[in-house]
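Taking it in order: structure first as structure tokens, then the write-up.
The values are calculated or read from the model by the stated rules, or taken from the named source; none is laboratory data. Nothing here was measured: the structure is a model prediction, and the numbers come from that model. Here the Cβ positions follow ideal geometry from the backbone for every residue, glycine too, while neighbour counts run over all protein chains shown.
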Amino acid sequence: MSHLPTPSTRGDQLMSAAQVTLAMLTNITDSLNVPFLKVAPQILNQIFQVAQNVKTNKQGCLTLASQAIELIQAIVDATKGRNVVNIDAKLERDMADLQSTLEAIRDFMIVMTQRNAMKRTMSYMDDSNKIAQFKAMLNDAVVVFDIRNQISVRMSQQELIAAVNSIHNHLMGPLPGDNTSGDTLNFLCEPPLQPSIFFGRTEYVANMISLILNNSPARLAVLGPGGVGKTSVAAAVINDHQIVNIYSSSRFFMPCDILSTAERLVSALLKLFGISVQKGGPMKSLLTYLNNVPPLLLVLDNLETLWDAEDQRQETQKLLENLASVKSLTYLVTLRGSVRPHGVNWTYPYLEPLEVLPMDAAKQTYLAIAPTTDSSLESLLKSLDCLPLAITLLANVAQMGFSPTELMKRWTTERTKLLNTGGKSRFESVEVSVSLSINSPLMQSHPEALQLLKIISYLPGGVQTWYLSEIANNISRLTQAQVVLNRTGLAYQTSKHVWKALSPIRFFILENYPIQQNEILIIQKFFCNLAEQGKHVQPNDPIMFKRTTVLLEKEQENITHVLTDALHQPEAYSNLHLIWGVIHFSNFLYWTAPSVELLQKTYALLQKSTDKELKAICLQSIGDNARMSNDYQSAGEYLSEAREQFKITNDKLRAAQCLRSMADVSKISDYPISKGRFLEAMNEFQAVDDELGVAMCLRGLADLSRVQNVYLESKQLYAQARKIFQKIGDSVRAAQCLASLGNVAFMMDEYSDAESALTEARQQLDNIGDNVGVAQCLVGLGDIARLQSNYPVAKWNLNEALKHFEKINNRSGIARCLTSLGNIAFMQDNNVQAEQLLTKARHHFETIGDKLGAAQCLMTMGDVLRAVNNYDEAKRAYHEAINQYQEINFPLGLANCLKNLGNIAYTQHDYTTAQTTLNQARMQFQQIGDKLGAAQCLRALGAIAKSTDEYLTARQAYEEARTQFQDIGDRTGAAHCLSSLATISYLLNDKPGARRALQEAVSQFKKMGDFTGAAHCFTGYGDAANILGDQVWAYSQAINLFQEVGSHEADRYRYKVDQLLRGNSQ
């Protein structure tokens, strides 16, 4: 544009002005008793000299040097003539930080001058970004000195205001020696460069560009909390190639945070555009100019500085309205909060307030700065609420060698102090960024807003809108407080009508603006009342169960926090409202997310109490929640102690309840003891006519029968328990019994009945709101799909169940899901994933003391290792599993491990060991009535006899095994035995018998749709044949069948036939 200086002219002016200013500073600062100001001219002179020698980015370096010189000049002018004997400590630190920034600028420029041409070219963009960062730091230095009112030492309030105005007046005034160009502002107002680390905003930026391109002129407002990246979004828009093509050099950027009035903004714009005040005043001059130039794009960044100041809002609104009247001017403003300035016809559809980053973009941002990651990264980013500024600062801290796990530990103790890279600008410290909003004129004029923000920050889950009137009833202008917090972006209302503050803001408030005790007492009373609603979470009232569960789940985080805080108050042990609130709330937790933490703290307090019954009730609740958390050892101890206490107080019902819970605990590791306790507890319940207790014992006995494979007895006991639960209206436990009946049907291979029962139970439990029960049904449905080889459905069900269990940290459920998923991975030949999943599952089982689950994981891991021919490790896993099965007296697991060890020995041609081990396994299967396992062992013994040329023994074994497979309806097992009998008959020279057995075996496999199995009948026969014609015939038949199913094995046997024929011809 013709009225703007050319780059060369502008550079000359900057150099000339800087030289004059430096000479003045050197003379002035010698007389000041401020150490920083004494050394500043020397550093500035070094910067200026080096900047003149830079080859690339020279204009940017000169502008940066001039900006530094002007900032120091402003500080010197503000302190000149003041009493500066005692420097304020904070001001001294701020000056030290500024000195460090200046030295960093000098050192950076020195490095630039030392690069060769190739390195200068390669570093151009990085250097440009670094220069932009330094400019922002110097811009923010003005804000730091302004906000803290620390330009000089111990000045009066009037002197401080005068000092701040001195800085602004100097920045807004002309360069020394130039009264017309206004270039002193140009270095502050240069459009920022395209952000180099910028993720998760593609759609938002594209929408803004589309609105600008399709609306002439456009008026856009980018809203959002501090640190969310509004300036970066604006920078991305004005640097987009489409915008550059249209506006070229007519793109302007005005940082409003360095201005104190709307009048100064008008003056700054006049100087930015290089125009002087004409007749009619500054505003008219500005509008006249804008109405007579080609289209412009103007960014007013951080407009909240002026808009939130009540004495400036009217003038700022008038300026925005006047700018909106210019048909050639497109402008966008960025400001904190979620409310657009009124009086402007903003371009529709309006831009939504900028939100925090999605997790993927948050990770990309972090890793672009600090490429080291670990399993804690996502949790770390969540704890920051994915606020871009917080992520950027923390990632910069991570560059010092901290892993996400280490940073997570530091975050829990240091909080927002950690979000600082050593500087005092809003780009270098979250605390400075938040302070800008806290100390804004709007917040200062509405103290009730900070009062509400303290309440919102105190509650980690935020405050539901309809609870505000009760929780914050001491705030007189509550609605106004909400409006102010919304406008400043310090708090926001979610789509679920919950008022929240972003994590960095929340922790800054907690640290620097603690809530008052009288406010805490109001909050505690409200949440204790809410916690007591937990007593209504009873399975005999499904409607109340679900309603109360939904109510308390929404406030679970807040209730836990408030109760925990209240338990630390003096005399908390005598606060019965609080104690019963904890106990009743723990009843809700028992059904949703079992936890003993609050109860243990409460029980510790109750040691000062003389109420024995209350102590015992607390112990019982701890024991039951520990049991539901799978901490069986602790549960047993608490419940045993509670039972003894109830015996002393003669509370027979609660004593029986404790015994029944103890039986539940012991069934995980000691079946006989568990059974005895269930029977004893059932007698005690019958003595006090408690049908619920009787039904619970029946269900516990059914569980024991099921894990011991006594399925018919288990089925009968579940049915009896369910009938009682239905009678007394306990629909939750009735549905759980139905689910258990489904699991029994599954174990009995009655898949259709199992699926029907589990689907119905899941629906009932979902309607009631029993998420744990729903997850358990999903596991059962997943296992059914798995055994039917419907792996996609199986994995979906199991992963859904896993989410439920992980949400409540139910280790038993997690382990069961991981085990089933490991089995699926194994069946799909993904052995590496299978081993990983099973290892995790085993860890969970061992953590909760579930020896059966751990042993089953070990056995399956043995199967995985055997599949990849790692026999030594497989045998080690099986032997370890055998030890655990023997310890808990689980013969089925023992028998399966012995069978697998026998199969490994057979594979390794150790026939003696194989025979001995398989006979042991067969005996175990026979003792527990497992006909399938016994038949499989017998078939394997037949294979051993065949391998050792004991054909008659082999035939006898196969015939007996076939009969057993037929008896239990295992058609596949019977067909395999027939195939083996065909080869044995051939080896015994009974060829007619061999052909009959072969044809029958093939026929059976075909009827089952297993053409591959039928083909293998022929390959086995061909392998045993000793006559060329028989071999070629058998392999040819197999080839035909392999071809029908598209198996590559056809090629293998075609080659084999070819080799046989070639060998014969030779």
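Yes/no per residue for (1) hydrophobic (A, V, I, L, M, F, W, C); (2) touching a residue at least 60 places away in the same chain (Cβ under 8 Å); (3) assigned to a loop (DSSP other than H, G, I, E, B):
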{"position": "533", "(1), (2), (3)": "no, no, no"}
{"position": "544", "(1), (2), (3)": "yes, no, no"}
{"position": "558", "(1), (2), (3)": "no, yes, no"}
{"position": "578", "(1), (2), (3)": "yes, no, no"}
{"position": "586", "(1), (2), (3)": "no, no, no"}
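Residue by residue, here is whether (1) of a type outside the set (D, E, K, R); (2) closer than 22 Å to residue 61 by Cα; (3) at pLDDT 95 or above holds:
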position	(1), (2), (3)
168	yes, no, no
171	yes, yes, no
179	yes, no, no
205	yes, no, yes
210	yes, no, yes
219	no, no, yes
224	yes, no, no
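Does region 303-319 hold any residues that are buried (at least 21 other Cβ atoms within 10 Å of the Cβ) and either charged (D, E, K, R) or under 20 Å from residue 212 (Cα atoms) (or both), and which are they? Residues satisfying the conditions are 303, 304, 308. Could you tell me which residue of region 800-820 is modelled with the lowest pLDDT, considering only residues that are farther than 14 Å from residue 841 by Cα and in a helix (DSSP H, G or I)? Taking the candidates together, the pick is 807. Of all residues in region 596-653, those satisfying the criterion of being within 25 Å of residue 845 (Cα to Cα), of a type in the set (D, E, K, R) and surrounded by 20 or more Cβ atoms within 10 Å (Cβ to Cβ) are 624, 627, 631. Assigned to a helix (DSSP H, G or I), modelled with pLDDT under 90, surrounded by fewer than 20 Cβ atoms within 10 Å (Cβ to Cβ) and in the same structural domain as residue 1019 (by TED's automatic domain parsing), is that true of residue 952? The answer is no for residue 952.
The requirement of being under 25 Å from residue 946 (Cα atoms) and either part of a loop (DSSP other than H, G, I, E, B) or of a type outside the set (A, V, I, L, M, F, W, C) (or both) is satisfied by residue 912.
The set of residues in region 742-763 being within 17 Å of residue 794 (Cβ to Cβ) and assigned to a loop (DSSP other than H, G, I, E, B) consists of 749 alone. Those helices (runs of 4 or more DSSP H) of region 392-498 in which 1 or more residues are surrounded by 18 or more Cβ atoms within 10 Å (Cβ to Cβ) and touching a Phe, Trp or Tyr at 6+ places or on another chain (Cβ under 7 Å) occupy 430-438, 447-458, 468-471, 478-488. Against the test of being in contact with a Cys (Cβ under 9 Å, 6 or more places away or on another chain) and assigned by TED's automatic domain parsing to the domain that holds residue 931, the options 1015, 975, 994 yield a single qualifying residue, 975. For region 723-739, check the following and say yes or no: at least one residue is of a type outside the set (A, V, I, L, M, F, W, C), surrounded by 22 or more Cβ atoms within 10 Å (Cβ to Cβ) and under 21 Å from residue 816 (Cβ atoms). Yes - at least one qualifying residue is present in region 723-739. Looking at region 188-199, can you tell me whether even one residue there is at pLDDT below 50 and not assigned by TED's automatic domain parsing to the domain that holds residue 327? Looking through region 188-199, none of the residues is at pLDDT below 50 and not assigned by TED's automatic domain parsing to the domain that holds residue 327. Among residues of region 847-869 that are in the same structural domain as residue 894 (by TED's automatic domain parsing), none has a beta-carbon under 6 Å from a residue that is surrounded by fewer than 23 Cβ atoms within 10 Å (Cβ to Cβ) and not in a helix (DSSP H, G or I) at least six positions away or on a different chain.
The single condition among (1) among the hydrophobic types (A, V, I, L, M, F, W, C); (2) assigned to a helix (DSSP H, G or I); (3) under 23 Å from the mean Cα position of the chain (by Cα); (4) surrounded by 19 or more Cβ atoms within 10 Å (Cβ to Cβ) that residue 368 does not meet is (4). In this entry, residue 751 is excluded by the filter for residues that are hydroxyl-bearing (Ser, Thr, Tyr) and either within 30 Å of the chain's Cα centre (by Cα) or under 29 Å from residue 544 (Cβ atoms) (or both). Suppose we keep only residues that are closer than 25 Å to residue 991 by Cβ and of a type in the set (S, T, N, Q) within region 1029-1064. Which one would you say is modelled with the lowest pLDDT? Ranking the candidates gives 1064 first. Take residue 831 and decide whether it is touching a Pro at 6+ places or on another chain (Cβ under 9 Å) and farther than 19 Å from residue 776 by Cα. So residue 831 does not fit the description; no. Restricted to region 194-230, and to residues there that are touching a residue at least 12 places away in the same chain (Cβ under 8 Å), surrounded by fewer than 22 Cβ atoms within 10 Å (Cβ to Cβ) and in a helix (DSSP H, G or I), the residue that is farthest from the chain's Cα centre (by Cα) is 213. Residue count for region 822-855 satisfying the condition of being touching a Ser or Thr at 6+ places or on another chain (Cβ under 9 Å) and either assigned to a helix (DSSP H, G or I) or surrounded by 22 or more Cβ atoms within 10 Å (Cβ to Cβ) (or both): 15. When each of 382, 363 is tested for being among the basic types (Lys, Arg), touching a Ser or Thr at 6+ places or on another chain (Cβ under 9 Å) and farther than 17 Å from residue 414 by Cα, the lone residue that passes is 363. Of the residues making up region 1049-1059, those that are under 17 Å from residue 1017 (Cα atoms) and either loosely packed, with under 12 Cβ neighbours inside 10 Å or among the hydrophobic types (A, V, I, L, M, F, W, C) (or both) number 2.
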